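What follows is one structure encoded as structure tokens, with my remarks underneath.
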Amino acid sequence: MTVKIVSLFPDVLGTYGDHGNARILAHLVRLAGRTCELTAVGINDVVPLDGDLYLLGGGEDGPQALAARRLADGSPLHRVVERNRPILAVCAGYQVLGRSFVAEGTTLPGLGLLPIDSVRGRARMVGEVLMTPFAPIGQSLMTGFENHGGQTILDSDCQPLGRVYRGAGNGGDGHDGIVHGSIVGSYLHGPILARNPGLALWLLSRIGVDVSDVPAHHWRLYEERVRASEGALWTRRRA
Ligand code: GLN
């Protein structure tokens, strides 16, 4: 059966190239010998409800508020979650799935699908992130690039995506992201699935797509960014 990947609003939440996550997943699905339909849903399009896996990316505050309003209308993602379909939400997309976030100078309601609130951080968080994932993604480390003013606070019983060694991630608790039911949230751009193929494979395994033969070059960027990040950490500790 065709695997349906749905990339939500890359026209407004595409500032950081996060639509690349959808393209990587589609490529891996085809490597697994399956057919894949990749739908890029524009901000004025109807959100399809029959997707297998959904993606939301990052963007500036205005487009983020627009995306939240759009997704509140008819609650398509609530129905996706009821069907237990995975959603990968990055940065602005991650904040939008929570209870509240700050944009346009005020606190706005999110979709309430994640037990998190995002507030304004003390300073903008920009740069490389190095962390260890808690989820069994077959990588001891994860890397990405962050650029956000929002700081995200998880309810105390939540499972973060990873523990941060370099960078801010959620911005206050030494962690990045969340794994909550079928939703994975993170601040990492890169795109995150280009930098962390293990996360892409893990997400696909959750919809029954097993990619056994991943060419070695898929791991080159991961290895290169881990070396660069670890090198920077090492230099800083010595200094
Ligand atoms: N606008 C949000 C913030 O600054 C998200 C930014 C992003 O998606 N990179 O916190």
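The values are calculated or read from the model by the stated rules, or taken from the named source; none is laboratory data. Computed from a predicted model, the values in this text were never measured in an experiment. Because the Cβ atoms are built from the backbone with ideal geometry, glycine has one as well, and the counts that use them run over all protein chains shown. Keep in mind that these areas ignore ligands, DNA and RNA; they rest on the heavy atoms of the full protein, side chains included. Shrake-Rupley method; radii C 1.70, N 1.55, O 1.52, S 1.80 Å.
Brief remarks on what is shown
- Every condition in (1) crowded, with 20+ Cβ neighbours inside 10 Å; (2) not in a loop (DSSP other than H, G, I, E, B) holds for Gly51 except the one numbered (2).
- Complete set of residues in region 127-158 that are farther than 21 Å from Ser205 by Cα, more than 9 Å from the ligand (Cβ to nearest atom), part of a strand (DSSP E or B) and open to solvent by 20 Å² or more (accessible area, probe 1.4 Å): Glu128, Phe145, Ile153, Leu154
- Selection status of Val179, surrounded by fewer than 21 Cβ atoms within 10 Å (Cβ to Cβ), touching a helix residue (DSSP H, G or I) at 6+ places or on another chain (Cβ under 7 Å) and either modelled with pLDDT of 95 or more or charged (D, E, K, R) (or both): no
- Given (1) touching a Leu at 6+ places or on another chain (Cβ under 8 Å); (2) farther than 20 Å from Ser186 by Cβ; (3) within 16 Å of the ligand (Cβ to nearest atom), number of the condition Gly62 does not satisfy: (1)
- All of Ile43, Ile5 fail the test of being open to solvent by 10 Å² or more (accessible area, probe 1.4 Å) and either among the aliphatic types (A, V, I, L, M) or out of contact with any helix residue (DSSP H, G or I) (no Cβ under 7 Å at 6 or more places or on another chain) (or both), apart from Ile43.
- Of Ala200, Ala168, Ala194, Ala232, all but one fail to be assigned to a loop (DSSP other than H, G, I, E, B) and either more than 15 Å from Phe134 (Cβ to Cβ) or not small (Gly, Ala, Ser) (or both); the exception is Ala168.
- Looking across region 71-125, the residues that are within 12 Å of the ligand (Cβ to nearest atom), in a strand (DSSP E or B) and open to solvent by 10 Å² or more (accessible area, probe 1.4 Å) come down to Val102, Leu108, Val119, Arg120, Gly121, Ala123, Arg124, Met125.
- Neighbours by Cβ (under 7 Å, 6+ apart or cross-chain): first from region 216-232, under 16 Å from Leu201 (Cβ atoms); second in a helix (DSSP H, G or I) and open to solvent by less than 70 Å² (accessible area, probe 1.4 Å): His218/Pro197; Trp219/Pro197; Leu221/Ala194; Leu221/Arg195; Tyr222/Arg195; Tyr222/Pro197
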